[in-house]
Amino acid sequence: MFDSHVAVLLDHAAALVNALTDGQARGRPYAAPRGAELPAAVDAAVSHTAGSLPRTIDAAQAEYLAATARSMREVFQAVQDDRPDDAAATVNRLLRDSGARPRLDRTAGGGGGGGGAEAPWQLHFHGADDSFAAGHSAACATGLALAVAGSLTGRLGVCRADRCDRVYVDTSRNAARQFCSTACQNRTKAAAFRARKEAEG
């Protein structure tokens, strides 16, 4: 499975895609927030424990992350459609455009010197001076790159329920997840049950 840091980045990627891209959600049309509503939607989608970046989400930063979310959706869809080359090409574009690069930063509470009580170093994928939007885009892009390049590509999915295209990261033990939520799973089971009853009647 993904290590904990990569799992968090992938969860954030899925949350941004689901919050900031148009489509369908749980059987209904979904229109992503726009304009004045967009910064709050970004803030709600991304955990407040996300990384070391200053959390300033103005209109420009929100628009940047909305564009990132649209590209990340392409990655999830390409994986679902078994188009690994397209997924890789989109991830490469995200990595390039966000300026992603590895960097070691001390976690909160870390200090200098060689004492054993120091907080450990943590690997981040953005520069120290990057904006929240650019840095978070770089981090999510790197998480997707690690997924697409590894043996866990199939853990990225698009909901199989009727009239839903929200995405998910499958962290189940048996890699059997097919739905974005329990609601969509239950909705699909109920529809299958009704179809069987109609066929029997």
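Taking each residue of region 173-201 that is over 13 Å from residue 162 (Cα atoms) and looking for partners that are among the aromatic types (Phe, Trp, Tyr) with beta-carbon atoms closer than 9 Å, six or more apart or interchain, yields 177/168.
If you go through region 26-39 one residue at a time, do you hit one that is in contact with a helix residue (DSSP H, G or I) (Cβ under 6 Å, 6 or more places away or on another chain), crowded, with 17+ Cβ neighbours inside 10 Å and assigned to a helix (DSSP H, G or I)? Yes, region 26-39 contains a residue that is in contact with a helix residue (DSSP H, G or I) (Cβ under 6 Å, 6 or more places away or on another chain), crowded, with 17+ Cβ neighbours inside 10 Å and assigned to a helix (DSSP H, G or I). Cβ-Cβ contacts under 9 Å between residues 6 or more apart (or on different chains), taken from a first residue in region 5-27 that is at positive phi to a second residue that is assigned to a helix (DSSP H, G or I), are listed as 23/73; 26/183; 26/184; 26/187; 27/183; 27/184; 27/187. A single entry from 175, 119 fulfils the requirement of being farther than 26 Å from residue 58 by Cβ, at pLDDT below 95 and touching a Gly at 6+ places or on another chain (Cβ under 6 Å): 119. Being surrounded by 13 or more Cβ atoms within 10 Å (Cβ to Cβ), at pLDDT 85 or above and over 30 Å from residue 33 (Cβ atoms) holds for only one residue in 93, 83, 103, and it is 103. Against the numbered list (1) modelled with pLDDT under 95; (2) part of a helix (DSSP H, G or I); (3) closer than 30 Å to residue 95 by Cβ; (4) out of contact with any His (no Cβ under 9 Å at 6 or more places or on another chain), residue 141 comes up short only at (1).
Take the conditions buried (at least 17 other Cβ atoms within 10 Å of the Cβ), out of contact with any Gly (no Cβ under 9 Å at 6 or more places or on another chain) and not aromatic (Phe, Trp, Tyr) and apply them to residue 9. Does it pass? For residue 9, the condition - buried (at least 17 other Cβ atoms within 10 Å of the Cβ), out of contact with any Gly (no Cβ under 9 Å at 6 or more places or on another chain) and not aromatic (Phe, Trp, Tyr) - is not met.
Is region 54-71 home to any residue that is outside any helix (DSSP H, G or I), within 24 Å of residue 93 (Cβ to Cβ) and over 17 Å from the mean Cα position of the chain (by Cα)? Yes: one or more hits. Here region 40-51 is the region considered, the condition is being in a loop (DSSP other than H, G, I, E, B) and among the β-branched types (Val, Ile, Thr), and the residue that is modelled with the lowest pLDDT is 49. Please tell me if residue 159 is free of Cβ contacts under 8 Å to residues at least 40 places away in the same chain and under 29 Å from residue 62 (Cβ atoms). Considered against the rule, which asks whether it is free of Cβ contacts under 8 Å to residues at least 40 places away in the same chain and under 29 Å from residue 62 (Cβ atoms), residue 159 comes out as yes.
The values are calculated or read from the model by the stated rules, or taken from the named source; none is laboratory data. Everything numeric here is computed off the predicted structure, so don't read it as measured data. Quick reminder, even Gly has a Cβ in these numbers, built from the backbone with ideal geometry, and neighbours come from all protein chains shown.
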